[in-house]
Amino acid sequence: MIASRMSISQITSLLEEKPLSTGEIAEALGLNPSEVSRHMNSSSRYGFVRYDTEQKCYALV
């Protein structure tokens, strides 16, 4: 499951560098894209990240 603290901190580190798509995050970390997608959707609802519909990527708030 993606909810491990290590995965979350790795995602945060990646997004500090630049906005990324779900697929790019999954590929960079060797994670399942569907798990990353669920996590990012949840993080977006809680305001931790934002989803840019034009660029189709996530970025830190």
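Only the coordinates and a few stated rules stand behind these numbers; no lab work does. Source: prediction; values computed, not measured. Quick reminder, even Gly has a Cβ in these numbers, built from the backbone with ideal geometry, and neighbours come from all protein chains shown.
Some values worked out for this structure:
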quantity: Filter result for Tyr58 (outside any loop (DSSP other than H, G, I, E, B) and in contact with a Lys or Arg (Cβ under 8 Å, 6 or more places away or on another chain)); calculated: yes
quantity: Matching residues, segment 14-49, being small (Gly, Ala, Ser) and surrounded by 11 or more Cβ atoms within 10 Å (Cβ to Cβ); calculated: Ser21, Gly23, Ala26, Ala28, Ser34, Ser37, Ser42, Ser43, Ser44
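Rundown of residues vs (1) without any contact (Cβ under 8 Å) to a residue 12 or more places away in the chain; (2) outside any helix (DSSP H, G or I), yes/no style:
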| position | (1), (2) |
| --- | --- |
| Ser9 | yes, no |
| Thr12 | no, no |
| Ile25 | no, no |
| Ser37 | no, no |
| Ser42 | yes, no |
| Gly47 | no, yes |
| Glu54 | yes, yes |
